[in-house]
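Have a look at the structure below before the remarks.
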Amino acid sequence: MSGIILILISDIDGMNLQFLNPLRWRRSFLFSVLLLLLIVWFGFFDTYSVRTRIQLSNEKKELTRETERLYEEAEAFNQEREALEKDPALLEKVAREEYGMRKPGETIYRIQEK
């Protein structure tokens, strides 16, 4: 039994295990492995990874579009407000149709369509 153990130990001693020792690797291979690790790290795992930057860029574009839409909507409201301030007939029309206001003594009849 001890002979078998000695054979296994001598087989391990005879194996070329230099490829497992990073100090024995060639410099070009070491730089390639290091470069690959850095690319993977900064591409996927870092706080400011490429993936995160792309997501933030897309979110920024979407928020910019939403801001532009809201500015246009605010401009339309401002134009409507100015029109209502300048035209009393338009103001009366909006007050009657949208808010159901009436002049004193008037009776309003609403007709519902089927």
Inset, instruction - Please list, ordered by first then second residue, the pairs with beta carbon atoms under 8 Å, 6 or more apart or interchain, first in the range 29-51 and among the aliphatic types (A, V, I, L, M), second outside any loop (DSSP other than H, G, I, E, B) and exposed (fewer than 11 other Cβ atoms within 10 Å of the Cβ). - result: L30/P22
Legend entry - Residue satisfying all of: in the range 71-111; at negative phi and among the small types (G, A, S); surrounded by the fewest Cβ atoms within 10 Å (Cβ to Cβ) among these: A89
Legend entry - Any chance T52 is surrounded by 10 or more Cβ atoms within 10 Å (Cβ to Cβ), more than 30 Å from L38 (Cα to Cα), under 45 Å from the mean Cα position of the chain (by Cα) and among the hydroxyl-bearing types (S, T, Y): no
Inset, instruction - Please give the number of the condition K114 fails out of (1) among the charged types (D, E, K, R); (2) surrounded by 10 or more Cβ atoms within 10 Å (Cβ to Cβ); (3) at pLDDT below 85. - result: (2)
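The values are calculated or read from the model by the stated rules, or taken from the named source; none is laboratory data. Since the model is a prediction, treat every value here as computed from it, not as a measurement. Cβ: placed from backbone, ideal geometry, glycine included. Neighbour counts: every protein chain shown.
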